[in-house]
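Have a look at the structure below before the remarks.
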Amino acid sequence: MAASASAFSCRRPIAWFFALAAALFFASWYLLLDSAAPPPSSLLAAARGQGSRPAGSPARKCDPSTASLRVFMYDLPPEFHFGLLDWKPPAGSVWPDVRGGGRGVPEYPGGLNLQHSIEYWLTLDLLASEQGAPTPCVAARVRDAAAADVVFVPFFASLSFNRHSKVVPPARASEDRALQRRLLAYLASRPEWRRSGGRDHVVLAHHPNGMLDARYKLWPCVFVLCDFGRYPTRVAGLDKDVIAPYRHVVPNFVNDSAGYDDRPTLLYFQGAIYRKDGGFIRQELYYLLKDEKDVHFSFGSVVGNGIEQATQGMRASKFCLNIAGDTPSSNRLFDSIVSHCVPIIISDEIELPFEDVLDYSKFCVIVRGADAVKKGFLINLISGITREDWTRMWNRLKEVEKHFEYQYPSQNDDAVQMIWKAIARKVPSIRLKVNRLRRFSRFEINTTDETPMRSSWLENQAS
């Protein structure tokens, strides 16, 4: 018995050793296989240096009953949207497959084209809501227009203008104008338009020259614009339309630790100095500020390494000038925000995105044009901002920059989701207008040519 116990006690350390070795072997193989697995990321997002799909959020179709905004989107032919990016649709489909990180989605052209690319990002997010690709599901696509809050018109108007606004002989009109006419004809044929006279339709015309002809015929719609600089008040205004941010051109300042003392330039501006319309103020400010100490005010463009120069200049500056140009707004404001350079906004006619939920005075300095051109006013104002006040604005810029970010897949509270929420806040007003329009809809005798309820009205506009 003693011998048997002695033999067992001798074998026990050997058994422990083999058990420990086996456990370590299997653990090492698990770690090796896990490290070799590809990370879940978006090809489209990686290509643009943007965010990837959030961890722990499985791909799913959005539930319209829980979405903030239910959206009916027209299945427009590809010539109005992704076909403008030379995308060829598969048989029986007008939309790309946006699942799998967007590998089937054509790239949007870079450079300044990107600043007005909002129609691309919003359309991708709507497709994601239906196809089961990652999205926060603020907006969800529905197939029944009667169940929708708004009707989305997926025409890439900014891209159409950038690529096809020039007349190519022997044609007498540009392809951009031809597309606008075909769009009007399409809408005139739709029951969704006749039901509301277009008042619940959302039209994206972010480029100031986008929809240059059709805008005057689509005035009942909700426009998503960069500003109202080239729109008469009878066509567009804050009561019915949404102001959306430009997509910034300079890259994000990731892990920014460049505080007050690390930014030697007091005030920075680089861009076109001689502009028309409201941009004359740039010339006046140039002559006032060009010789001031610690002020960089010079001509610049995106040609060559202009974007790189602007990136370095903004990151080395405490304040960045954002002055009215040909239009009240520009992407320079959003370049400043992602560079964490406190914006000095001098544009009396500017409208700011999401201002009903964002207090710009917490991270910007807004100056009236009449004050800015007074000798010494601007420098005295900026010099009077303390290190503590500047640091508070700098920290706030880092908090709010996510609201101005366009990306795919879209993330919570980024620019795409902020735009959907802004449209959702218009829905009660839209419903009021549509319901008022329907007061006498039972009696055809009360429908007049002045009422855009009838398809003939829009057909006449398209001809």
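How about region 91-106: which of its residues are of a type in the set (F, W, Y) and surrounded by fewer than 21 Cβ atoms within 10 Å (Cβ to Cβ)? Listed by number, the list is empty, since nothing qualifies.
Answer with yes or no whether D227 is within 22 Å of L437 (Cα to Cα) and either of a type in the set (D, E) or outside the structural domain of S117 (by the TED database) (or both).
Criteria not met by D227.
Among the residues of region 359-386, the ones that are among the charged types (D, E, K, R), in a helix (DSSP H, G or I) and under 20 Å from E292 (Cα atoms) come to 1 in all. Using the structure shown, decide if T135 is part of a loop (DSSP other than H, G, I, E, B), at pLDDT 95 or above and polar (S, T, N, Q). When the stated conditions are applied, T135 passes them.
What are the residues in region 300-322 that are within 26 Å of V224 (Cα to Cα) and either modelled with pLDDT under 95 or assigned to a loop (DSSP other than H, G, I, E, B) (or both), if any? Within region 300-322, V302 is the sole residue that qualifies. Does region 96-109 contain at least one residue that is in contact (Cβ under 8 Å) with a residue 40 or more places away in the chain, under 25 Å from S196 (Cα atoms) and over 19 Å from the mean Cα position of the chain (by Cα)? Taking every residue of region 96-109 in turn, none turns out to be in contact (Cβ under 8 Å) with a residue 40 or more places away in the chain, under 25 Å from S196 (Cα atoms) and over 19 Å from the mean Cα position of the chain (by Cα). Quick one: how many residues across region 107-132 are small (G, A, S) and not in a helix (DSSP H, G or I)? Residues in region 107-132 being small (G, A, S) and not in a helix (DSSP H, G or I): 3 in total. The residues of region 281-301 that are touching a helix residue (DSSP H, G or I) at 6+ places or on another chain (Cβ under 6 Å) and aliphatic (A, V, I, L, M), listed by number, are I281, V295.
Taken together, the residues in region 359-407 that are loosely packed, with under 15 Cβ neighbours inside 10 Å, under 30 Å from H116 (Cβ atoms) and touching a helix residue (DSSP H, G or I) at 6+ places or on another chain (Cβ under 8 Å) amount to 1. Scanning region 408-423 for residues that are touching a helix residue (DSSP H, G or I) at 6+ places or on another chain (Cβ under 6 Å) and of a type in the set (S, T, N, Q) turns up just one, S410. Residues in region 332-349 that are crowded, with 20+ Cβ neighbours inside 10 Å and either among the charged types (D, E, K, R) or in contact (Cβ under 8 Å) with a residue 60 or more places away in the chain (or both): R332, L333, F334, D335, I337, V338, S339, H340, C341, I344, I346, S347. Selection within region 69-87: residues that are out of contact with any strand residue (DSSP E or B) (no Cβ under 9 Å at 6 or more places or on another chain), in a loop (DSSP other than H, G, I, E, B) and closer than 21 Å to A133 by Cα. The member of this set that is modelled with the lowest pLDDT is W87. Working only within region 107-144, note down all residues that are of a type in the set (S, T, N, Q) and either closer than 29 Å to P251 by Cβ or surrounded by 22 or more Cβ atoms within 10 Å (Cβ to Cβ) (or both). The answer is N113, Q115, S117, T123, S129, T135.
Of everything in region 415-430, what is touching a residue at least 40 places away in the same chain (Cβ under 8 Å), open to solvent by 20 Å² or more (accessible area, probe 1.4 Å), in a helix (DSSP H, G or I) and not hydroxyl-bearing (S, T, Y)? Give them in sequence order.
The initial filter retains those residues of region 415-430 that are touching a residue at least 40 places away in the same chain (Cβ under 8 Å), namely 415-427, 429-430.
Within this subset, residues satisfying the condition of being open to solvent by 20 Å² or more (accessible area, probe 1.4 Å) are 421, 424-426, 429.
Adding the requirement that they be in a helix (DSSP H, G or I) leaves 421, 424, 429.
Hits for region 415-430 are K421, A424.
Checking region 334-344 against the condition returns no match, with no residue being at pLDDT below 95, farther than 28 Å from A424 by Cα and in contact with a Leu (Cβ under 7 Å, 6 or more places away or on another chain). Among the residues of region 52-68, are any under 20 Å from the mean Cα position of the chain (by Cα), closer than 19 Å to Y120 by Cβ and modelled with pLDDT under 90? Taking every residue of region 52-68 in turn, at least one turns out to be under 20 Å from the mean Cα position of the chain (by Cα), closer than 19 Å to Y120 by Cβ and modelled with pLDDT under 90.
The values are calculated or read from the model by the stated rules, or taken from the named source; none is laboratory data. Here the structure is a predicted model, which means the values were calculated and not measured. Positions of Cβ are generated from backbone atoms using ideal geometry, with glycine treated the same way; all protein chains shown enter the neighbour counts. Calculation scope for accessible area: heavy atoms of the full protein, side chains included, ligands and nucleic acids excluded. Shrake-Rupley method; radii C 1.70, N 1.55, O 1.52, S 1.80 Å.
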